Amino acid sequence: KKTFYTVQFGVFMQEQVNSSIRNLDDVWYNTTENGTYVYYSGEFNSPQEVTAHKNKVAELYPNAFVVTLTK
């Protein structure tokens, strides 16, 4: 198992195809048991790298934040 940092920028009721998401790098999502789509951008090993990326994502999604995940 690998632990990494990523930027969570949205939770949506359906899969997103809008143009602002296409402007982000390395976008992916997980679906929850409730059927929502949790969107993330990037996978980083250091807090410094993910923070810099979060600042870029926050220009499009002001409520973006850093999370730690394991997969």
Item to check | Karplus (6.51, -1.76, 1.60) ³J(HN,Hα), θ = phi - 60°, over region 42-59, in Hz, Gly and Pro reported as x | outcome: x, 9, 10, 9, 10, x, 5, 5, 5, 5, 4, 5, 4, 4, 5, 4, 5, 5
Checklist entry - What list of ³J(HN,Hα) couplings, whole Hz, do you get for region 11-19 from phi and the Karplus terms 6.51, -1.76, 1.60, once you set θ to phi - 60° and write x for glycine and proline? => result 10, 10, 7, 9, 4, 9, 10, 6, 5
Checklist entry - If you count, for each residue, the other Cβ atoms within 10 Å and average over each peptide, how do 52-59, 5-12 line up from highest to lowest? => result 5-12, 52-59
Checklist entry - Taking the structure as given and computing Cα Rg over 2.2 N^0.38 Å, which label from [x] 1.34; [y] 1.06; [z] 1.17 fits? => result [y]
Next on the checklist: Below 17 Å, Cα to Cα, which lysines can LYS1 reach? Residues fewer than 8 away in the same chain don't count.
Outcome noted: LYS71
Next on the checklist: Tell me the carbon and sulfur percent of the accessible area for the chain, rounded to whole percent, probe radius 1.4 Å.
Outcome noted: 47 percent
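Please compute the per residue accessible area over region 26-71 with all protein chains in place, 1.4 Å probe, rounded to a whole number of Å². Before the final figure, lay out the partial values.
Details: 2970 Å² over 46 residues.
Computed with neighbouring chains in place, this is 65 Å² per residue.
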Checklist entry - Between region 1-38 and region 54-71, how many Å separate their Cα centres? => result 10 Å
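The values are calculated or read from the model by the stated rules, or taken from the named source; none is laboratory data. Quick caveat: nothing in here was measured; it's all calculated off a predicted structure. Glycine also receives a Cβ, built like all others from the backbone with ideal geometry; neighbour counts cover every protein chain displayed. In case anyone asks, the SASA skips ligands and DNA or RNA and just uses the protein heavy atoms, side chains included. Shrake-Rupley method; radii C 1.70, N 1.55, O 1.52, S 1.80 Å.
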